[in-house]
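Asker: If you scroll down you'll find the structure; I have some questions about it.
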Amino acid sequence: NHSRVTEFVLLGFTDPQQLLFVIFLLVYVTTLVGNLGMMVLIKTNSQLHMPMYFFLGHLSFLDICCSSSIMPKLLSGLLAERNIISFNGCITQFFFFAVFGTAEAILLAVMAYDRYVAICEPLRYLAVMSHGVCVQLVVGSYAAGSLNALVHTSALLRLSFCGPNLINHFYCEIPPLLLLSCSDTWLNKVMMATCIGFIITTSLLAIIVSYTCILLTTWNICSAKGRHKAFSTCTSHLMAVALFYGSAAFLYFCPFSRQGEDQGKTASIFYTGVTPMLNPFIYSLRNKEVRSTLRR
């Protein structure tokens, strides 16, 4: 018989807490302001009522939700002597983070398909990417995120946690939680590698295929100006993909070891804080329509 853990202690960071609080507060506020501003711009300007910006608005929404599932607890923990989170609170935090993180991964693949249709099938773009289709793609992203989160949450709930309860991380995530379980975590590791590997692999494959077709199409454009114009709408998306998938791949596919936890926390900072903060600036600085709307 083992006593059941009812709360966890998030160890977080060993650096000066006050300095980290100021840094993460600025990151979180910038994330909220940038993404909310992007959503308002898209909503208020009729010129931005197109499929590309419809998806961009939902990307901003997911960035806000993804960051908000982590940052408030992190900030409050930096002001407390011990960052304590209940068992139910930990599972809830993981569930919502998994929903929004998975949905964002799929939405980035959907946005790559949108760029493929816009560049390779320009005359059929509005017909193929109708409002109904766009809504279905977004709803599908949220549904897939919810299903993935439900699977992993159910797998976590079947485990026993009998101590220790110290999570060497700043939020509840699968790898550090599995290290604390006194149950056999083999099935959880297999499920994580299978589900997350499938999502990342299929999403990246869709992105690669889309951009391969875009590259072949733009290669046949005679003028350099035409090629530049065709690719200018893709560079922002490619930068967002590189930031998101780079940190996510490192976070979930690094070895399960206590020595790798510090590197995992570094990757998580980009995944949960830096990427959601940078996305609206990446799209606004490199998009002529968004820049002109922002100036107005």
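Asker: With N set to the residue count of segment 29-168, report its C-alpha Rg divided by 2.2 N^0.38 Å to two decimal places. Don't skip to the answer; put the middle values down first.
Answerer: Numbers: Rg = 18.7 Å, N = 140, 2.2 N^0.38 = 14.4 Å.
It is 1.30.
Asker: Follow-up. Describe numerically, in nm with one decimal, the distance between label points set 7 Å from Cα along Cα→Cβ at LEU126 and at SER292.
Answerer: My value for the distance between the label points is 1.7 nm.
Asker: Using the Cβ atoms and a cut-off under 14 Å, what net charge is assigned to the surroundings of GLU121, where Lys and Arg are +1 and Asp and Glu are -1?
Answerer: Working: positive: ARG115, ARG124; negative: ASP114.
Here the charged neighbours net out to +1.
Asker: Sum -39500 (n - 2.57) across every DSSP H segment of at least 4 residues in the chain, then divide by the residue count to get the 222 nm mean residue ellipticity, nearest 500. Please report the intermediate quantities before stating the final value.
Answerer: On the way: 12 runs with 219 residues, N = 296.
The per-residue figure over the chain is -25000 deg cm²/dmol.
Asker: Separate question: If I model a spin label as a point 7 Å beyond the Cα along the Cα-Cβ vector, how far apart are those points for THR217 and GLN47 in nm?
Answerer: 2.3
Asker: Would you mind listing how long segment 7-295 runs along its three principal axes, going by Cα atoms, in whole Å with the largest first?
Answerer: Cα extents, longest axis first: 65, 40, 32 Å.
Asker: Next up: Heavy-atom accessible area of ARG291 with all protein chains present, probe 1.4 Å, nearest 10 Å²?
Answerer: So the heavy atoms of ARG291 present about 80 Å² to solvent.
Asker: Take the chain, connect every pair of alpha-carbon atoms lying under 10 Å apart with a spring to form a Gaussian network, then pick out the residue of HIS152, HIS169, HIS49 with the largest mean-square fluctuation.
Answerer: Of the options given, HIS49 has the highest mean-square fluctuation.
Asker: Right, next: At 1.4 Å probe size, with every protein chain present, just tell me what the per residue accessible area of segment 108-158 comes to in Å². Don't skip to the end; give the middle numbers.
Answerer: Values: 2430 Å² over 51 residues.
Heavy-atom accessible area per residue stands at 48 Å².
Asker: Still on this model: Could you give each residue of segment 72-86 its phi-based ³J(HN,Hα) in whole Hz, using Karplus coefficients 6.51, -1.76, 1.60 with θ = phi - 60°, and x for Gly or Pro?
Answerer: With the stated coefficients, segment 72-86 comes to x, 5, 4, 5, 5, x, 5, 8, 9, 5, 10, 8, 9, 9, 5 Hz.
Asker: Same structure again: For segment 27-100, what does the equivalent ellipsoid look like in terms of its semi-axes, each the square root of 5 times an eigenvalue of the Cα gyration tensor, given largest first in whole Å? Don't skip to the end; give the middle numbers.
Answerer: Working: eigenvalues 195, 40, 7 Å².
Ellipsoid semi-axes (Å, largest first): 31, 14, 6.
The values are calculated or read from the model by the stated rules, or taken from the named source; none is laboratory data. These figures come from a predicted structure and were not determined experimentally. Counting neighbours? That spans all protein chains shown, and the Cβs are built from the backbone with ideal geometry, glycine included. Remember, those area values only see protein heavy atoms, side chains included, never the ligands or the DNA or RNA. Shrake-Rupley method; radii C 1.70, N 1.55, O 1.52, S 1.80 Å.
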